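Heads up, the thing below is written out as structure tokens.
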Amino acid sequence: MQEEDVLGKAYDARLMRRLLRYLRPYRLQVAIGILLSLLISGLEAVRPYFTKLAVDVDIANGDKQGLLVTTLLFLSVLVVRGLVQYVSAYLTQWIGQQTIFDLRMEVFRHLQSRSLRFYDKNPIGRLITRVTNDVEVLNEMFSSGIVMVFSDVFTIIGIFYFMFAMDVNLSLVTLSVMPILIWGTFLFRKKAREAYRDVRFQVARINTFMQEHITGMSVDQIFAREGRSARQFADVNAAHRDANMRSIFYYAIFYPGVDLISAVSVGLIVWYAGLNALEGTVTIGTVMAFVQFNEMFWRPIRDLSEKYNILQTAMASSERIFHLLDDQTSVAAPDRPISLAHVNGHVEFRNVWFAYGAPSNGEASPEWVLRDVSFTIRAGQTVAIVGHTGAGKTSVISLLSRFYDIQRGDILVDSVNIRDVDPQILRKHIGVVLQDVFLFSGTIHENIDLGNEEITIDRVKAAARVVGAHRFIEQLPGMYDAEVKERGATLSVGQKQLLSFARALAHNPRILILDEATSSVDTDTELLIQAAIRKLLSNRTSIVIAHRLSTIRTADRIIVLHKGEVRESGTHAELLAQNGIYKRLYELQYRQQESGQ
């Protein structure tokens with residue numbers, strides 16, 4: 001949340017250079033857009049000249065034919081300007097949408113390549129804000145900022161040229177109010193900047209609060225906290241409203257102030273023209289043209305103030321986006337990865353030390369989750385890992401899948417260090433069924449094959465039959481094409497776990513990891529899964545983390561973790577005979593299950 005409070009500079013050349021990199025593929029379109037802006041500005045600035053020409057020449061001399069020609073030329077200029085403005089607006093919006101598409105894809109790919117350590121320290125609400133709000137802010141700069149600012153600048157230059165070409169003294173009188181405008185603009189920028197900082201901070205608070213409470217809605221409802229949460233959100237929402245009102249206040253002062261200065265400038269034009277009218281040094285056409293110039297002049301001034309706000313917003317958003325893109329918290333693929341096309345499933349942990357909070361080169365003294373852990377799992381073995389909560393069981397499977405990098409030691413698959421293997425290739429050989437199952441919005445079969453074109457519908461159905469999921473899937477409307485709501489909201493916990501198990505088996509991994517995968521299914525369903533395990537894992541390596549005794553007793557070996565260390569290892573009978581940690585764990589946790597069976 002503190003990071004959201006940092007606004008940065010109103011203009012940062014380093015950030016702007018990085019932003020302009022996204023325009024490089026569209027530099028031809030940008031150049032055309034600038035040329036169109038120049039043409040629009042010229043057509044805009046020449047309009048008052050036709051007024052002067054019509055009044056001082058055609059009407060003053062009674063030239064009806066000349067007045068008709070001047071009027072037709074004026075209408076032609078308006079038509080051409082309208083057409084050019086249409087093309088320019090379409091082109092600039094196209095440029096903005098293309099660059100934002102590229103940037104948003106880069107941010108999303110970057111998020112996909114981050115390790116779980118990155119997500120441990122970054123709230124999801126903040127990341128969503130980056131991909132949506134902050135990227136959309138840059139859309140305004142790319143589509144209506146960078147190119148359109150040229151139009152405003154060219155328009156002001158064109159107006160200056162025609163004004164001074166007509167009457168230097170009247171031009172100086174008209175622009176005499178500029179120091180007041182410059183002072184007001186400076187003050188507005190300062191106040192608007194402070195207000196905007198507060199608005200962005202409050203937006204981040206709302207996003208974070210909404211993400212957290214929508215995700216935890218079931219907890220709110222179970223403990224009847226809806227009223228308290230609503231009151232908390234009311235406070236957050238009110239702070240956001242008040243911040244916006246403060247921001248609007250400064251705009252409500254600045255823009256009418258610009259209009260007032262513009263009116264003063266018109267008054268000065270009329271005053272100067274009145275003083276010099278009798279002498280004949282100022283014509284009526286010139287006065288009318290200058291009134292038009294004055295109206296046209298202040299419009300780009302207001303637009304440039306708005307562009308400043310867009311630029312300031314873009315600088316703040318780009319700083320946060322680039323801070324995200326510069327984060328290298330990832331499990332990097334080696335420069336020269338070792339091929340791992342075929343895996344037998346031999347796994348070895350060799351003197352592994354790991355801590356979640358420590359950097360990969362961990363010079364400090366972190367709070368170790370695993371301490372000097374060593375064990376070997378032969379290909380085709382089923383090994384159960386047990387221990388009290390916090391012993392490091394789940395960390396073992398996270399490290400084997402290389403979701404995190406260890407600080408010391410080595411993890412080997414088929415005698416190959418997993419650091420030397422591309423993480424994506426490694427994970428293709430590992431199937432993981434977690435206790436907390438995540439399902440995507442889509443269909444049943446899409447949640448099993450996960451878009452893998454090599455997995456046919458027949459293979460999906462076969463995997464579902466093996467784990468016993470086929471029975472409930474057939475009862476759904478549409479069966480394997482049945483719609484799955486967000487996070488599988490319409491399915492039971494047991495059904496979601498069966499789908500997760502079918503998902504893992506459909507991908508045919510050589511190493512299968514079950515992290516308490518049967519903890520939320522009933523006894524009949526668990527029996528189906530156990531039968532499937534006995535049939536399918538005879539030639540696979542399986543690592544089982546389970547609270548159910550039936551899962552552990554069938555394991556070839558049991559590894560007991562205690563406070564991050566391997567304290568015991570052996571079969572169920574051997575560990576009971578040792579009269580150690582496992583026996584105490586068995587008496588506390590498993591004996592009642594055994595007597596019930």
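The values are calculated or read from the model by the stated rules, or taken from the named source; none is laboratory data. These numbers come from a predicted model, not from an experiment. Positions of Cβ are generated from backbone atoms using ideal geometry, with glycine treated the same way; all protein chains shown enter the neighbour counts. What goes into the accessible areas is simple: the full protein's heavy atoms, side chains included, and nothing from ligands, DNA or RNA. Shrake-Rupley method; radii C 1.70, N 1.55, O 1.52, S 1.80 Å.
Sort through Thr155, Thr174, Thr185 and tell me the only one that's among the hydroxyl-bearing types (Ser, Thr, Tyr) and within 30 Å of Glu319 (Cα to Cα).
Only one candidate qualifies: Thr185.
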Tell me, please, whether a residue that is touching a residue at least 24 places away in the same chain (Cβ under 8 Å), surrounded by fewer than 16 Cβ atoms within 10 Å (Cβ to Cβ) and in contact with a His (Cβ under 9 Å, 6 or more places away or on another chain) can be found in the range 368-378. yes
Name the single residue, out of those in the range 394-439 being of a type in the set (Ser, Thr, Tyr) and open to solvent by 30 Å² or more (accessible area, probe 1.4 Å), that is nearest to Ala379 (Cα to Cα). Ser415
Quick check on the range 311-323: of everything there that is modelled with pLDDT of 75 or more and open to solvent by 10 Å² or more (accessible area, probe 1.4 Å), which residue is farthest from Thr185 (Cα to Cα)? His323
List pairs: first in the range 111-124 and closer than 11 Å to Thr329 by Cβ, second not hydroxyl-bearing (Ser, Thr, Tyr), Cβ under 6 Å, 6+ apart or cross-chain? Ser115/Val331; Leu116/Phe403
Residue hits (the range 379-392; surrounded by fewer than 21 Cβ atoms within 10 Å (Cβ to Cβ) and under 17 Å from Ser542 (Cβ atoms)) are Ala379, Gly380, Gln381, Val383
Across the range 186-236, what is the total count of residues that are among the hydroxyl-bearing types (Ser, Thr, Tyr) and at pLDDT 75 or above? 2
Can you find a residue in the range 471-493 that is part of a loop (DSSP other than H, G, I, E, B), open to solvent by 50 Å² or more (accessible area, probe 1.4 Å), closer than 17 Å to Val433 by Cα and small (Gly, Ala, Ser)? yes
Some residue of the range 470-493 being under 29 Å from Asn344 (Cα atoms) and not aliphatic (A, V, I, L, M): no
So Asn294, is it out of contact with any Pro (no Cβ under 7 Å at 6 or more places or on another chain), surrounded by 15 or more Cβ atoms within 10 Å (Cβ to Cβ), within 30 Å of Ile124 (Cβ to Cβ) and touching a residue at least 40 places away in the same chain (Cβ under 8 Å): no
Can you confirm whether the range 63-71 contains a residue that is in contact (Cβ under 8 Å) with a residue 24 or more places away in the chain, open to solvent by less than 70 Å² (accessible area, probe 1.4 Å) and on the phi < 0 side of the Ramachandran plot? no
Is there a residue being hydroxyl-bearing (Ser, Thr, Tyr) and touching a residue at least 24 places away in the same chain (Cβ under 8 Å) anywhere in the range 73-80? no
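Quick grid of which residues meet (1) open to solvent by less than 10 Å² (accessible area, probe 1.4 Å); (2) touching an Asp or Glu at 6+ places or on another chain (Cβ under 9 Å); (3) more than 15 Å from Gly33 (Cα to Cα); (4) hydroxyl-bearing (Ser, Thr, Tyr):
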| position | (1), (2), (3), (4) |
| --- | --- |
| Lys121 | no, no, yes, no |
| Ile124 | no, yes, yes, no |
| Ile128 | no, no, yes, no |
| Glu136 | no, no, yes, no |
| Ser143 | yes, no, no, yes |
| Met148 | no, yes, no, no |
| Asp152 | no, yes, no, no |
| Ile156 | no, no, yes, no |
| Phe160 | no, no, yes, no |
When (1) farther than 30 Å from Arg24 by Cβ; (2) touching a residue at least 24 places away in the same chain (Cβ under 8 Å); (3) open to solvent by 40 Å² or more (accessible area, probe 1.4 Å) are applied to Gln98, the one that fails is (1)
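Hey, among Thr329, Thr283, which residue is open to solvent by 20 Å² or more (accessible area, probe 1.4 Å) and closer than 25 Å to Ser115 by Cα?
Matching residue, one of Thr329, Thr283: Thr329.
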Residues Val236, Val258: which one is under 26 Å from Gly216 (Cβ atoms) and in contact with a Lys or Arg (Cβ under 6 Å, 6 or more places away or on another chain)? Val236
Go through the residues of the range 24-46 one by one and say whether even a single one is in a helix (DSSP H, G or I), at pLDDT below 80 and open to solvent by 50 Å² or more (accessible area, probe 1.4 Å). no
For the range 211-234, does any single residue satisfy the condition of being assigned to a helix (DSSP H, G or I), touching a residue at least 60 places away in the same chain (Cβ under 8 Å) and open to solvent by less than 60 Å² (accessible area, probe 1.4 Å)? yes
Search the range 434-455 for residues that are touching a residue at least 24 places away in the same chain (Cβ under 8 Å) and pair each with any residue that is of a type in the set (Lys, Arg) when their beta-carbon atoms are under 7 Å apart and the residues are at least 6 apart or on different chains. Val437/Lys496; Phe438/Arg487; Leu439/Arg487; Leu439/Lys496; Ser441/Lys485; Asn447/Arg503; Ile448/Arg503; Leu450/Arg503
Being in contact (Cβ under 8 Å) with a residue 24 or more places away in the chain, within 22 Å of Met245 (Cβ to Cβ) and either in a helix (DSSP H, G or I) or of a type in the set (A, V, I, L, M) (or both) is true for just one of Val173, Val203. Which residue is that? Val203
